Amino acid sequence: MLAGDLDKATEAIVGFPSQPVWYHLWFFYDFIPLYFVIPLLAPVLRLMNREQVKIVLAAWFTLTLMHFLKVPTCLRQSLVLYSGYLVLGWYLHNRNNRPQLKLWLVAGAGSALLNLLGSAYASKLTGGYSSLFMGYKSLNTVLIAGMLFVLAQVCADRIGTRLKRVLVSLSTCSLGVYLLHPLLLIPVRATIKQQYDAFGHPALTIPLIVLVTLLLAWGLAALLARVPVVRHLVP
């Protein structure tokens, strides 16, 4: 058993430069290159007028739709597709989106419903879980992200002081929550699964697993943020 664990650890260390050491760390291999894009992208956006930025976003929206439809093109690269989120965030941050709130709600909620029903249908066809509608680089996910951004932007001034403190704390610990949640998800899922009959349906079980895992990861991340040695690694 010890030899097997050592082999796995060695394999993880050797593969670290090119592949995630654990499934949820795929994010960093796409996220880190964006730090090199931001210094180049920011001055370009400042020089562009609003209409030019709209053209760039329209092209990106089209590309995300092509990615979802699996249309062959050399532009379907992670760096290109994820960089579009930076442009969209910059555009939405620097304008008043209140007049378009209803439009974003319809587009985002419709995309979320498509994800739900589409995933259920695709999973039924394949006889197992299907991630067809869950791609982070697809148009439906882009619309959901835009809706959430605009909704948070419009509602920010209406949030009470107590709730704002909670949201600020969660936001500060969000990276730590992301890093830690798989470690907690395994025992939480196993424990709740043993008591599955008490809940009786995935519609109750899944939200419960999410909530318990979130609270534990949030608390642990907040605790680690107070430790001098690791607080810069797990904020």
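The values are calculated or read from the model by the stated rules, or taken from the named source; none is laboratory data. What you see is a predicted model, and the numbers here were worked out from it, not measured in a lab. Note that each Cβ is placed from the backbone with ideal geometry, even for glycine, and that neighbours are counted across all protein chains shown. Accessible surface is based on the protein model in full, side chains and every heavy atom, while ligands, DNA and RNA are left aside. Shrake-Rupley method; radii C 1.70, N 1.55, O 1.52, S 1.80 Å.
Here are the numbers for this structure:
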| quantity | calculated |
| --- | --- |
| Qualifying residue in the stretch 125-135 (condition: farther than 17 Å from Leu88 by Cβ and part of a helix (DSSP H, G or I)) | yes |
| Candidate set: the stretch 49-75, residues that are open to solvent by less than 50 Å² (accessible area, probe 1.4 Å) and farther than 14 Å from Gly89 by Cα; chosen: the one modelled with the lowest pLDDT | Thr73 |
| Residue count for the stretch 132-155, restricted to those that are touching a residue at least 40 places away in the same chain (Cβ under 8 Å) and more than 21 Å from Thr62 (Cβ to Cβ) | 4 |
| Subset of the stretch 86-111 [of a type in the set (A, V, I, L, M) and crowded, with 16+ Cβ neighbours inside 10 Å] | Val87, Leu88, Leu92, Ala107 |
| When residues of the stretch 137-161 are limited to those that are in a loop (DSSP other than H, G, I, E, B) and buried (at least 16 other Cβ atoms within 10 Å of the Cβ), the one farthest from the chain's Cα centre (by Cα) | Ser138 |
| Only one of Leu86, Leu75, Leu63 that is within 19 Å of Pro39 (Cα to Cα) and either in contact with a helix residue (DSSP H, G or I) (Cβ under 7 Å, 6 or more places away or on another chain) or part of a helix (DSSP H, G or I) (or both) | Leu86 |
